[in-house]
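The values are calculated or read from the model by the stated rules, or taken from the named source; none is laboratory data. Computed from a predicted structure; not experimentally measured. Glycine gets a Cβ as well: all are built from the backbone with ideal geometry, and neighbour counts include every protein chain shown.
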Amino acid sequence: MLALTGSPVADLRYTLPANVRSVAQVPLWGMVEPAEHIDPRIGLIGIARRRGGTTEEVVAREFAPLLATLLAGLDGNRVDLVEQGAVFAAMADYFVVRDWGTTWKAYPTWEVFSAATRRGLFAGGEPTVWDMTTALRWLHSFLMPLTVPLPRTTLTHSTIAAFAALPGIVAKARWGTPFVLTEHGVAIRERYLAVAAQQDLSPWAGRFLVALSGLVGRVAYEHADVVSPVADYNRRWEERQGVAPGKIRTIYNGVDPGLFAPRPREAGDGRRPTVVAAARIFALKDIETMIRAAAVTRERVPDVRFLVYGSLDADLVYVERCRALITQLGLDETFEFGGLHDSPVDLYNEGDISILSSISEGFPYTVLESMACGRPVVATDVGGVREALDGFGIIVPPRDPAALGDAAARLLLDHQLRSELGRRAREAVLARYRVGHSIDAYRLLYEELVATAADATTPEPADEAAA
């Protein structure tokens, strides 16, 4: 397993099954020497040998032409996606023997990059020196998976059409290894949203980041044998990015209804009507709309309590903005951030209902887990939420606090409706969204692709005349 992380310091959050032989962490940021962290077998002598062999002449001859081809794919015109996949594979081959940091700092690399920007990668606007150096640092970090020494495997599987898909692209281009690409959220859509929300990016830098992300995503789509979104909603984005409809096979997420099961609410909370949410506190979850919805709900349910469990570290500025809004609306006794919860099962069973206010989702586990616990969900109509929840909860438009708050109040005040939707929601999970259903679908897909690949490499038997 290859795990892309934000920094070199990251702890495993899951107990891995026995069949997982190893986990290689690939930090995109914060490393002084990537080779030492990603492949410690190299050793200090090996690192020194790589650096010594990565001369400016070598960079100009072996790496600069690859970078030039990659950059040419960012201009929005027709791009040979197969050729771009071959470029990524060639870069990966190059970094087997050449030094990562030395290559990116070499003058020939800067020369190629600055020449491409001077030619005008994008229509409108000229980059500043800050733009150019920032964009080059992005390339240095986001392409880090190319430094990982890949074993030859039976199949590869990426869980996003983004930089984590690079090993799958390389294996496909290098050996023809079958490649499965799962999409939870649509990576390019979420990149659009993130760039639009970043006020400190110049227009040129934003276009560069979107173009780079879009190119990698399209190359991943091209090289994947099957694109398996977790919801049919994602198809409209995938087809628009050029994926053939016949290449797409939806495989829904699943949960364990034995683990996520209904339990009566425990005493000790004053029996206040309670709305719970499991969500990291950052902009895509649109917690600000949830806070405003809480004010709407309180008008009809004065003693309502909103409990939001999830990481508070994803966007510290956004967290403080949310806290300020809570105080501004007088919700300090109504709306609470609980941090990370020790037990997701207990989390959902603390509430009468669950809530989701996101502006972007795939097929969220939080919705399925709440449904399995018999807790109906009020959620925004984004991603595959409607596919899971239609008929088993209440769906409202995104960024509409009045609709979200009214729906929560309706469920809290109508015990019969709440109980009926909760019962039907759990039945839907039992019938359609068990974790076993998801695992079996992936296993079947793996077997089909491996069998097809084996057939393609089996030599044709000689006919009798030739014999």
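For this structure, a couple of remarks:
- Residues satisfying the stated conditions in the stretch 135-159, i.e. closer than 24 Å to residue 225 by Cβ, modelled with pLDDT under 95, among the aliphatic types (A, V, I, L, M) and under 17 Å from the mean Cα position of the chain (by Cα): none
- Of all positions in the stretch 123-139, at least one carries a residue that is of a type in the set (Lys, Arg) and assigned to a helix (DSSP H, G or I).
- Residue among 302, 344 that is in the same structural domain as residue 374 (by TED's automatic domain parsing) and either under 27 Å from the mean Cα position of the chain (by Cα) or crowded, with 20+ Cβ neighbours inside 10 Å (or both): 344
- Residues that are among the basic types (Lys, Arg) and either closer than 29 Å to residue 177 by Cα or in contact (Cβ under 8 Å) with a residue 24 or more places away in the chain (or both), drawn from the stretch 73-117: 78, 98
- Test: residue in the stretch 311-325 that is among the basic types (Lys, Arg), under 15 Å from residue 379 (Cα atoms) and over 22 Å from the mean Cα position of the chain (by Cα): no
- If you filter the stretch 102-134 down to residues that are more than 17 Å from residue 63 (Cβ to Cβ), among the hydrophobic types (A, V, I, L, M, F, W, C) and at pLDDT 90 or above, you find that the one that is surrounded by the fewest Cβ atoms within 10 Å (Cβ to Cβ) is 129.
- One residue alone among 167, 145, 108 is in contact with a strand residue (DSSP E or B) (Cβ under 7 Å, 6 or more places away or on another chain), within 19 Å of residue 71 (Cα to Cα) and either part of a helix (DSSP H, G or I) or among the small types (Gly, Ala, Ser) (or both), and that residue is 145.
- The number of residues in the stretch 70-90 being of a type in the set (S, T, N, Q) and at pLDDT below 95 comes to 1.
- Within the stretch 193-230, tally of residues that are charged (D, E, K, R) and under 18 Å from the mean Cα position of the chain (by Cα): 1
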